[in-house]
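> Here's a structure for you.
The values are calculated or read from the model by the stated rules, or taken from the named source; none is laboratory data. In this text the structure is predicted, and so the values were computed from the model without any measurement. Note: ideal-geometry Cβ built from the backbone for every residue, glycine included; neighbour counts use all protein chains shown.
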Amino acid sequence: METRMTTSSHIAAPAAARSETIRLGPWHQSAVYTATVVLVATGAVWVVLHYFFAVPGEYGPQVHPLEPWMLKVHGAAAMAGLIVYGSLLPLHVRRAWTIRRNIVLGIALIGLLLVLTITGYLLYYAGDEELRPLVSAAHWIPGLVVPILLAWHVISGKAAARVGTVANRRRGGA
Ligand code: HEM
Ligand code: HEM
């Protein structure tokens, strides 16, 4: 009996359908933006409290009472964030990668998130007291770049998608 080879669905799918799966649905977008806003806001407030609002104490400056709360919310958002960002890999990243759309800013974003994940891990488990302030700065300084890079990524990705759609229509595609 003859067996027929089937092409994998992402190769056979028309360009319009592939673009469709790169775009995130409203819930998915909200999840990405909410996790990012909570991470950046709690991180930035922690930096301000830590460096500008230390509370004077009997034995020198003490941490501000809100600092541990910022970290509690930040840690929870980091765990949720890793799920949400990871959920972009199978469709969003894979499809955009396949059609080479917005990949420079996509790779930059993934690289930045990797730096944050590794330095975040080190903040939890690297106990060395001398290294900790360095790891801390290597975490929060790139962290402040996240909103800028994400906004740039979204704007350039949407522009590339518009150009791609127009070019595809001109070629007589969907
Ligand atoms: C993928 C995203 C991120 C992950 C996985 C992550 C993870 C972590 C972890 C695990 C900690 C240690 C918490 C603790 O000591 O209780 C931490 C601390 C911190 N994070 Fe993030 N974070 C992320 C994004 C950000 C962003 C966007 C900012 C923005 C400024 C930021 C700023 C900070 C700050 C200021 C601290 C406290 C540093 C210290 O204790 O010295 N993080 N983060
Ligand atoms: C190599 C990796 C990546 C590539 C090639 C890529 C590519 C793209 C493209 C082409 C668009 C425009 C989609 C359209 O409007 O049709 C886009 C939008 C977007 N990307 Fe990425 N991306 C990557 C990684 C990421 C990561 C890691 C995040 C999250 C932190 C992310 C978040 C977003 C968001 C929120 C949008 C706007 C929502 C939308 O247009 O549906 N991307 N990306």
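> Taking the condition hydrophobic (A, V, I, L, M, F, W, C) and more than 9 Å from ligand 1 (Cβ to nearest atom), does residue 167 pass?
Against the criterion (hydrophobic (A, V, I, L, M, F, W, C) and more than 9 Å from ligand 1 (Cβ to nearest atom)), residue 167 qualifies.
> Considering only the stretch 22-50, how many residues are without any contact (Cβ under 8 Å) to a residue 40 or more places away in the chain, more than 10 Å from ligand 1 (Cβ to nearest atom) and part of a helix (DSSP H, G or I)?
Total meeting the criteria: 6.
> Out of all the residues in the stretch 146-174, which are β-branched (Val, Ile, Thr) and surrounded by fewer than 16 Cβ atoms within 10 Å (Cβ to Cβ)?
Within the stretch 146-174, 148, 155, 163, 165, 166 meet the criteria.
> Could you check how many residues of the stretch 78-104 are among the small types (Gly, Ala, Ser) and either free of Cβ contacts under 8 Å to residues at least 12 places away in the same chain or within 8 Å of ligand 1 (Cβ to nearest atom) (or both)?
3
> When the residues of the stretch 144-160 are filtered to those that are in contact with a Leu (Cβ under 9 Å, 6 or more places away or on another chain) and small (Gly, Ala, Ser), which remaining residue is farthest from ligand 2 (Cβ to nearest atom)?
156
> Residue by residue through the stretch 113-129, note down the ones that are within 15 Å of residue 89 (Cα to Cα) and surrounded by 14 or more Cβ atoms within 10 Å (Cβ to Cβ).
Once the filter is applied, which keeps residues that are within 15 Å of residue 89 (Cα to Cα) and surrounded by 14 or more Cβ atoms within 10 Å (Cβ to Cβ), the stretch 113-129 yields only 113.
Let's see how each residue does on (1) over 21 Å from residue 152 (Cα atoms); (2) at pLDDT below 95; (3) not in a helix (DSSP H, G or I):
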| position | (1), (2), (3) |
| --- | --- |
| 77 | yes, no, no |
| 84 | no, no, no |
| 92 | no, no, no |
| 105 | no, no, no |
| 116 | no, no, no |
| 121 | yes, no, no |
| 129 | yes, yes, yes |
| 136 | yes, no, no |
